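What follows is a short report on a single structure.
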Amino acid sequence: MIDRLEIHGFRGIAAGALDGLFPLTLLMGKNNSGKSTCLEALWLLLCPGFYEAARTIGGRRGTVGPELPVHLAPLGSGELVATGKGLIGGVVSGSSPRKNADDAEQAASEAAVRVSLALSRESNEHRVDIVRRFESPPGTPVAVEQRAAEEQQAHLIGSGGGGGPSGPPRAITFLPSRFVDTLLGSKDESESLSLVQAAGKSAYQRMLTQLRAVDPALRDISPRKVGGTWIVHMVYDDRDLPFAVAGDGIKRLFHLACILGSLGRGVLLLEDPECYQHPGALGALAHMLWIAVEAGTQIILSTHSLELFDYIAVSARESEGRAKQFGVYRMALREGKLVTARLPGLRAIELREDLAEDLRT
């Protein structure tokens with residue numbers, strides 16, 4: 001689980017940190033308070049293809065050309081750091097990948113890991129160099145460094161603990177993670193199909209549990225071939241409906257349910273999940289989030305929805321365990337400095353009206 005995020009010189013944040021992240025963390029604040037930037041920073045730190053993620057972050061705002069380096073590192077250089085336990089699944093020697101995989105995964109799940117990512121465009125205004133490094137205490141998974149630049153994909157260039165550029169190659173088993181932004185993608189349906197088809201028995205049951213939180217009448221989900229094309233169908237007692245005919249709100253919840261079901265013990269970074277949703281549907285969304293958290297998924301989300309906060313808070317009031325698992329960061333950006341107030345669940349509920357004021361003004 002991610003415990004802490006530090007940001008220096010990334011996008012609009014000159015300096016800031018989120019310390020003591022919760023299993024279910026809500027980032028709340030006015031527009032331009034750094035919420036999406038924090039999610040993007042975490043995605044760069046956690047995703048396997050971090051350079052492609054950098055291009056995706058720029059592309060979300062139409063920044064895909066020579067201005068991308070300035071967009072990512074406006075001060076010329078920047079650094080992102082995340083710390084926590086189990087941030088990688090393992091680091092396995094290429095000389096015996098299966099022999100050591102289980103031990104590496106177990107050690108990684110218990111180890112404190114520091115993931116850092118440095119960005120620099122000082123040598124060339126139209127190129128951003130990115131170096132990501134994984135470090136953990138002696139006796140736990142070794143340090144591994146990755147580099148990428150505009151002309152190349154990320155690759156491992158060295159490792160500690162007896163490895164190195166000339167030593168055996170190493171593969172990082174990444175913690176499952178996803179970043180879901182506000183945009184409905186044309187590939188959402190095909191990805192949902194792929195997730196359903198690839199799901200093992202336990203992942204499939206998690207998906208079905210998630211979907212029934214949205215639609216209690218749903219009996220099953222089933223990929224079926226129609227005219228030579230595989231299409232996911234929602235199965236009811238009296239009818240079958242292809243996923244493609246659902247409205248945008250249901251499509252988004254269906255896609256999210258498939259992602260949550262497939263993640264298990266991973267991290268979901270979720271941008272404004274209230275988009276496309278009727279306010280009354282946010283209760284089902286909150287229920288989905290709690291199901292995932294209790295299955296081991298850490299969820300960090302941004303929101304402008306007081307209704308979603310209220311639905312999450314209802315469950316927190318009713319369960320002491322849930323109250324301890326959720327919290328809010330009240331955020332603001334002042335001259336580039338990220339200013340936050342960390343509010344554990346019950347304290348956030350007490351300060352609901354203050355949070356509401358941020359959303360109303």
Rounded to 5, percent antiparallel among DSSP beta bridges of the range 202-323 | 65 percent
For the range 224-254 the trypsin sites (Lys or Arg not before Pro) that pass both the DSSP coil test and the at-most-11 other-Cβ-within-10 Å test are Arg239
Estimated vicinal HN-Hα couplings, Hz - the range 34-41 in sequence order (Karplus 6.51, -1.76, 1.60; Gly, Pro = x) | x, 5, 5, 4, 5, 5, 5, 4
The range 324-361 versus the range 69-87: alpha-carbon centroid distance in Å = 23 Å
Cβ charges +1 (Lys, Arg) and -1 (Asp, Glu), total dipole of the range 184-268, debye = 280 debye
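No lab work stands behind these numbers, since they all come straight from the coordinates. Just so it is clear, the structure is predicted and the values come from calculations on it, not from any experiment. Cβ: placed from backbone, ideal geometry, glycine included. Neighbour counts: every protein chain shown.
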